[in-house]
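Any read-out appearing in this document is the output of simple, stated calculations on the displayed coordinates, not a laboratory observation. On a predicted model such as this, the values are computed, not experimentally measured, just so you know. Virtual Cβ from ideal backbone geometry, glycine too; neighbours counted across all protein chains shown.
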Amino acid sequence: DPANATFKRVMLKISGEALMGDAGFGLNPPTVERIAREVQSVHEMGVEICMVIGGGNIFRGLQGSAQGMERTTADYMGMLATVMNALAMQSALEGLGIHTRVISAITMNEVAEPYIRRRAVRHLEKKRVCIFAAGTGNPYFTTDTAATLRANEMSCEAIFKGTKVDGVYDKDPVKHADAVRYDTVSYDDVLAKRLGVMDASAIALARDNNLPIIVFSLDEPGGFRGILAGEGTYTRVQ
Ligand code: UDP
């Protein structure tokens, strides 16, 4: 869609698991660097970039609470995991010569900037990649919701949700050979059919603010840039 080529500011959301490569846990630096290069190629187009990275490669609150941990404590641990991932991405991007800021929803001034909306907007105007860490700062939320929240606050034109597959399918394309990819799908269908793009609160927040979600494959080299140039396959939730 050539309309994508007009985007000036976008949010890239990736899961923590995207950073772990073939390992079953944690961070794989070559994988982080590969994703950083995808971001670099979009940065070179002059597009302003926000990022939210999950924490599931290190810790998920629900997992902890299933093992008897208090839910809110477990969620704070999950939020801290996202800070580690954000720092890893910052390091990889700065290694490529891109200026970045890690902006945390939980204050930890020695490690990251506190979230101040106007300040973050200014960073974007100066073409710094803003990596929003620690989710929303609240338990019972996910980083999908954090990405949607920050995308709205930063007036992003779309959320790019990088996944393992090139869009949203009517059933799991890994398990079903006859699964069909949607070019576009409505927020309400995503919710009603439980298509698993993002959690329900994130979808509702995007819907209520008319923020399109572009689901694409992060494994496709040049995929992120391609979509912003008006090419490629993906699903647009709108
Ligand atoms: N989390 C939270 N509030 C937020 C964002 C995240 O409590 O606003 C916690 C929650 O426990 C979650 C964990 O951080 O399980 C990691 O985030 P998420 O599961 O979204 O990571 P992803 O699945 O994208 O890797």
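General remarks:
- The GluC sites (Glu not before Pro) of region 1-62 that meet both conditions, a loop assignment by DSSP and at most 10 other Cβ atoms within 10 Å of the site Cβ, are GLU44.
- Whole-Hz couplings from phi, Karplus 6.51/-1.76/1.60, listed for region 208-222; x for Gly and Pro: 5, 10, 6, 9, x, 10, 9, 9, 9, 8, 7, 7, 7, x, x
- The phi-based Karplus calculation (6.51 cos²θ - 1.76 cosθ + 1.60; θ = phi - 60°) puts the 3J(HN,Hα) values of region 32-46 at 4, 5, 4, 5, 4, 5, 4, 5, 4, 5, 7, 4, 5, 6, x Hz, whole numbers, x for Gly and Pro.
- Share of alpha-carbon pairs per 10 Å distance bin for region 122-238, given as whole %: 13, 42, 36, 8, 1
- Length gained on full extension, ASN210 to ARG117, computed as 0.36 nm times the residue gap minus the Cα-Cα distance: 31.5 nm.
- Lys pairs under 28 Å by Cα in the chain, provided they are eight or more residues apart or on distinct chains: 21
- Close amide H partners of ASN57, meaning residues 5 or more places away or on another chain with modelled amide H under 5 Å apart, are GLY16, GLU17.
- The DSSP beta bridges internal to region 2-237 are antiparallel in roughly 10% of cases.
- Sparse-neighbourhood loop sites, chymotrypsin sites (Phe, Trp or Tyr not before Pro) in region 139-214 - DSSP loop, at most 14 other Cβ within 10 angstrom: TYR140
- Net dipole in debye of region 2-237 [+1 Lys, Arg Cβ; -1 Asp, Glu Cβ; about Cα centre; nearest 20]: 540 debye
- Taking N as the residue count of region 126-191, its C-alpha radius of gyration divided by 2.2 N^0.38 Å amounts to 1.40.
- Under-5 Å amide H pairs with MET51, H placed in peptide plane, nonlocal only: LEU12, CYS130, ILE131, PHE132
- Helix-only CD estimate at 222 nm, as mean residue ellipticity for the chain, using -39500 (n - 2.57) per DSSP H run (n ≥ 4): -11000 deg cm²/dmol
- Per the Debye calculation on region 1-109 with a single equal scatterer at every Cα and no solvent contribution, log₁₀ I(q)/I(0) for q = 0.10 Å⁻¹ amounts to -0.33.
- Modelled label positions at ALA192 and GLN238, each set 7 Å beyond Cα in the direction of Cβ, lie 1.9 nm from each other.
- Alpha carbon centroid spacing (whole Å) that separates region 122-171 from region 56-71: 22 Å
- Long-range HN-HN contacts of THR100 with modeled amide H, under 5 Å: VAL129
- Across region 231-238, coupling constants 3J(HN,Hα) worked out from phi with the 6.51/-1.76/1.60 Karplus curve, θ = phi - 60°, read 10, x, 9, 5, 10, 9, 8, 8 Hz, and Gly and Pro carry x.
- Summarised in one figure, the compactness ratio Rg/Rh of the chain, Cα atoms and Kirkwood Rh, is 0.94.
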